[in-house]
Amino acid sequence: MGRKTFYITTPIYYPSNKLHIGHAYTTVAADAMARYKRLRGFDVMYLTGTDEHGQKIERRAREEGMTPRAFVDDIVGWIQELWRKLDISYDDFIRTTEPRHKNAVQRIFQRLMDQGDIYQADYEGLYCTPCESFWTARQAEGGRCPDCGRPVELVREKSYFFRMGKYVPKLLQYYEENPEFIQPESRKHEMINNFLKPGLEDLCVSRTTFDWGIPVPGDPDHVIYVWIDALSNYITALGYLSDDPVQREKFEHYWPADVHVVGKEIVRFHTIYWPIVLMALGLPLPKKVFGHGWLLTPQGKMSKSKGNVIDPNLLLDRYGSDAIRYFLLREIPFGADGVFTPEALIQRLNFDLANDLGNLLNRTLPLIERYAGGRIPTPTRIQEPDGELRGMAAETVTRVEEAMEKMEFSTALAAIWQLLGRANKYIDETAPWAEVKAGRGDRAETVLYHLAEVLRITSILLQPFLTKAPAEIWRRLGLSPGPHTSWDSAGMFGTLPPGLPVYKGDPLFPRLDLEAEVLAIDEATGAVSRQGAEPVSETGEASPHSGGAAGAPENDAGAGCAAGTELIGIEEFQKIDMRVGRIVEAERIPKADKLLKLMIDLGSEVRQVVSGIAKYYAPEDLIGQRVVVVVNLKPVKLRGVESRGMILAASEGDRLVLTTVSDDIPLGTKVK
Ligand code: MSP
């Protein structure tokens with residue numbers, strides 16, 4: 001008793017598909033925060049889970065010929081395995097299909113009906129199934145969902161409604177009195193101006209168009225709106241309205257949440273509907289909702305329906321969880337959008353982990369072995385720049401703490417890396433090998449002690465982010481977890497006990513070959529992060545041609561082929577320079593069974609293009625074909641062979657046909 005609590009949550013994810021690196025991003029960020037608070041002595045509850053009801057999941061299960069339950073069980077197992085691989089330290093995992101959740105949601109609904117916040121009325125509206133949202137005709141301009149652009153359906157039914165409007169003044173007052181409630185702050189203005197000021201309509205909180213949901217108490221033809229069901233997870237997981245007093249105790253203990261970490265697209269649900277439900281239940285509101293930005297690919301937001309998702313397993317299996325966690329938290333300021341590219345990943349791993357951190361370790365430990373008998377030496381000859389290094393170490397602890405309180409993960413990491421940079425420079429400045437040569441072994445030992453101390457301090461500070469390297473660094477420094485590795489000891493330079501035996505070991509983070517790794521990631525992901533890259537089908541298979549600048553990805557709901565394609569303006573289209581070209585040479589690329597190397601005559605030049613059409617065309621059949629070539633793509637190397645452009649093709653299932661042009665069109669003609 002007595003320890004301060006810290007309750008942090010992620011969104012509960014839809015198990016309608018396997019998750020991608022964007023979902024991992026949220027979960028890793030919340031994990032870093034949970035770990036940080038635990039290190040600071042808080043009694044932490046970190047909750048994540050899955051949002052398993054709704055029409056989309058019901059449909060997906062049907063498509064797979066499974067019951068919804070069996071369908072979600074499979075994916076939830078996959079998700080939990082992913083979190084294990086990413087070292088996610090959640091304290092509870094809630095599934096909305098669990099009895100503890102369903103029972104409590106029904107009780108919540110009943111209570112809201114009993115007190116008149118929920119009432120029954122007729123409803124007619126335009127419904128977007130994938131988004132599970134109703135829209136007015138004005139909102140759904142042209143019969144399309146304003147959120148996702150897919151067609152809406154007219155739905156007419158008797159429904160239950162929540163009187164939202166009544167709570168708006170109280171909600172605005174809460175925003176006013178709690179300026180930190182919505183983070184980053186810019187999102188607050190969006191909520192106020194776009195949603196609250198225009199007035200909040202009553203929300204339809206039941207559905208009859210499908211069965212896979214929690215039945216409305218006493219009216220089983222209706223299921224509870226998935227967002228009411230889902231948002232309630234944050235309290236049902238704590239035993240709210242449970243019959244079990246031990247469970248209910250958790251609610252008293254941890255509620256209200258300290259922070260709900262969510263992606264920016266669902267801030268609205270968490271800062272409007274959710275607080276209103278809580279107000280109606282007479283419960284305290286969460287202290288903070290942090291709406292972080294999106295992880296994008298150069299083609300835009302990652303989404304299954306766009307076919308540009310990156311499976312985190314791929315990266316985890318290749319680089320390990322520390323590397324991926326580090327990249328996600330370091331690369332993108334938390335709150336802003338960021339673009340994932342294989343180059344950025346590999347460069348971060350090389351520059352930051354292999355060079356800065358890895359070098360400090362790989363230089364310091366062998367020097368200790370060589371000049372200090374393999375044991376942490378005693379610092380007896382202190383002189384500048386030792387004081388500066390110590391000062392900077394102390395400052396780094398403060399900077400990390402300040403940044404973490406604001407959930408500025410990249411700032412915290414940047415501060416740690418400044419210290420590492422300073423320490424690497426300190427080795428060169430102090431040149432301990434030269435001191436030994438000059439007969440000042442005590443000075444060399446003092447320097448090495450300082451370096452080891454910086455390693456101890458950084459490894460402590462790194463624990464929220466990296467889950468494996470810190471313990472390994474301690475092992476190499478001869479430290480066992482304990483008082484010398486506590487968070488507080490990071491602020492005390494000189495804590496490392498002299499005499500500990502060090503162990504040099506292999507490099508913790510090997511240097512990666514940028515080109516080879518980029519190629520490997522591109523191949524494994526179907527080059528989804530590449531500009532103008534190939535669309536990926538629902539099964540994760542890269543589509544086999546190099547076309548697809550205007551790919552028509554499958555729609556989540558399985559609707560028509562154009563549905564779900566993001567609309568672009570003519571200016572954007574005009575950026576793509578397409579020309580008529582004639583294939584003059586074609587040959588296979590060794591050890592790449594999908595690729596052909598083509599030489600294409602564009603009138604003014606002959607270009608080399610690598611195309612993934614080897615399964616569909618024999619090289620000799622291609623000679624002389626007039627094709628459409630995208631000529632202003634950034635060059636890429638595929639299997640080490642440079643490709644400067646791509647050719648367009650139509651593909652469907654197992655078929656692929658090149659887009660050709662009749663013979664009388666001159667080479668180099670622009671295609672518009
Ligand atoms: N089930 C709802 C949430 C209910 S919470 C009461 C849902 N699920 S989801 O599976 O679609 O997950 C959405 C969340 O996943 C986002 O809010 C965000 O946290 C994370 N992300 C999904 N794609 C992402 C990116 N491309 N980039 C960053 N985060 C991403 O919405």
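What list of ³J(HN,Hα) couplings, whole Hz, do you get for region 355-363 from phi and the Karplus terms 6.51, -1.76, 1.60, once you set θ to phi - 60° and write x for glycine and proline?
6, 5, 6, x, 5, 4, 5, 6, 8
Select from Gly165, His53, Gln110 the residue farthest towards the positive end of the dipole of region 48-169; place +1 on Cβ of Lys and Arg, -1 on Cβ of Asp and Glu, and compute about the Cα centre.
Of the listed residues, the answer is Gly165.
Cβ under 13 Å from Thr380's Cβ, Thr380 left aside: what net charge do those residues give with Lys, Arg +1 and Asp, Glu -1?
Details: positive: Arg381, Arg440, Arg443; negative: Asp386, Glu435, Asp442, Glu445.
Neighbour charge sum, excluding Thr380 itself: -1.
Mind checking the per residue accessible area of the chain for me, 1.4 Å probe, whole number of Å²? Display every interim value, and only then the final one.
Details: 28050 Å² over 672 residues.
Result: 42 Å² of accessible area for each residue.
Pro256: net charge of surrounding residues, Cβ under 15 Å, Lys/Arg +1, Asp/Glu -1, itself excluded? Before the final figure, lay out each step's value.
Details: positive: Lys4, Lys250, Lys287, Lys288; negative: Asp43, Glu177, Glu180, Glu252, Asp258.
Local charge sum for Pro256: -1.
Would you check the accessible area of Glu64, probe 1.4 Å, heavy atoms only, in square angstrom rounded to 10?
100 Å²
By how many nm would the segment from Glu265 to Gln115 grow when fully extended, if each residue of separation counts as 0.36 nm and the alpha-carbon distance is taken off? Walk me through the numbers before you get to the answer.
On the way: separation 150, 0.36 × 150 = 54.00 nm, distance 3.09 nm.
Gain in length upon complete extension: 50.9 nm.
Output the antiparallel fraction of DSSP beta bridges having both residues in the chain, as a percent to the nearest 5.
Details: 54 of 75 bridges.
Given both bridge residues lie in the chain, the antiparallel proportion sits at roughly 70 percent.
Taking the simple approach of a point 7 Å from Cα along Cα-to-Cβ for both Leu281 and Glu153, what is their distance in nm?
Label at Leu281, label at Glu153, 3.1 nm between them.
Placing unit charges on C-beta atoms (Lys and Arg positive, Asp and Glu negative, everything else neutral), compute the dipole magnitude of the chain about its Cα centre in debye, rounded to 20.
Values: 80 positive and 92 negative charges, 228 e Å.
For the chain, the charge dipole is close to 1100 debye.
Once both labels are modelled 7 Å past Cα along the beta-carbon direction, what's the Asp577-Tyr503 spacing in nm?
The modelled label-to-label distance comes out at 5.8 nm.
Over all distinct Cα pairs, what is the inverse of the mean 1/r for region 358-448, reported as the Kirkwood hydrodynamic radius in Å? Write out the running numbers ahead of the final one.
Values: mean 1/r = 0.0707 Å⁻¹.
Radius from the Kirkwood sum: 14.1 Å.
With a 1.4 Å probe and all protein chains in place, put Lys425, Lys102 in order of accessible area, largest first.
Numbers: Lys425 110, Lys102 75 Å².
Descending order: Lys425, Lys102.
At 0.36 nm per residue, and after removing the present C-alpha to C-alpha distance, how many nm does the segment from Thr398 to Asn632 gain when stretched out fully? Please report the intermediate quantities before stating the final value.
Working: separation 234, 0.36 × 234 = 84.24 nm, distance 4.81 nm.
Residue separation times 0.36 nm, minus the Cα-Cα distance, leaves 79.4 nm.
Between Asp243 and Ile665, what FRET efficiency comes out of the Förster formula 1/(1 + (r/R0)^6) with R0 = 60 Å and r the beta carbon distance, rounded to 0.05?
Working: r = 76 Å, r/R0 = 1.27.
In this case the efficiency is close to 0.20.
Find how many whole Å separate the alpha carbon centroid of region 315-336 from the alpha carbon centroid of region 367-435.
24 Å
Give me the one-decimal nm value for the distance between modelled label points at Lys170 and Arg69, 7 Å along each residue's Cα-to-Cβ direction.
Distance between the two pseudo-spin positions: 3.8 nm.
With all protein chains present and a 1.4 Å probe, how do Arg422, Arg399 order by accessible area, largest first?
Values: Arg422 25, Arg399 85 Å².
If we order Arg422, Arg399 from most to least accessible, we get Arg399, Arg422.
Along the charge dipole of the chain, pointing to its positive end and built from +1/-1 on Cβ of Lys, Arg, Asp and Glu, which listed residue (His270, Ala618, Cys131) has its Cα farthest out?
His270
Using a Förster distance of 35 angstrom, determine the FRET efficiency expected from the C-beta separation of Ala438 and Arg511, and round it to 0.05. Walk me through the numbers before you get to the answer.
Values: r = 33 Å, r/R0 = 0.93.
Computed FRET efficiency for Ala438 and Arg511 comes out at 0.60.
Please name whichever of Gln418, Ala393, Ala444 sits farthest to the positive end of the charge dipole of region 391-458, dipole taken about the Cα centre and charges placed at Cβ: Lys and Arg +1, Asp and Glu -1.
Toward the positive end, the furthest listed residue is Ala444.
Once neighbouring chains are kept in place and the probe is 1.4 Å, which whole percent of the accessible area of the chain is contributed by carbon and sulfur? Display every interim value, and only then the final one.
On the way: 13940 of 28050 Å².
Roughly 50 percent, rounded to a whole number.
The values are calculated or read from the model by the stated rules, or taken from the named source; none is laboratory data. Everything numeric here is computed off the predicted structure, so don't read it as measured data. So basically every Cβ, Gly included, is an ideal-geometry build from the backbone, and we count neighbours across all protein chains shown. To get the accessible areas, we keep the full protein, side chains included, count just its heavy atoms, and leave off ligands, DNA and RNA. Shrake-Rupley method; radii C 1.70, N 1.55, O 1.52, S 1.80 Å.
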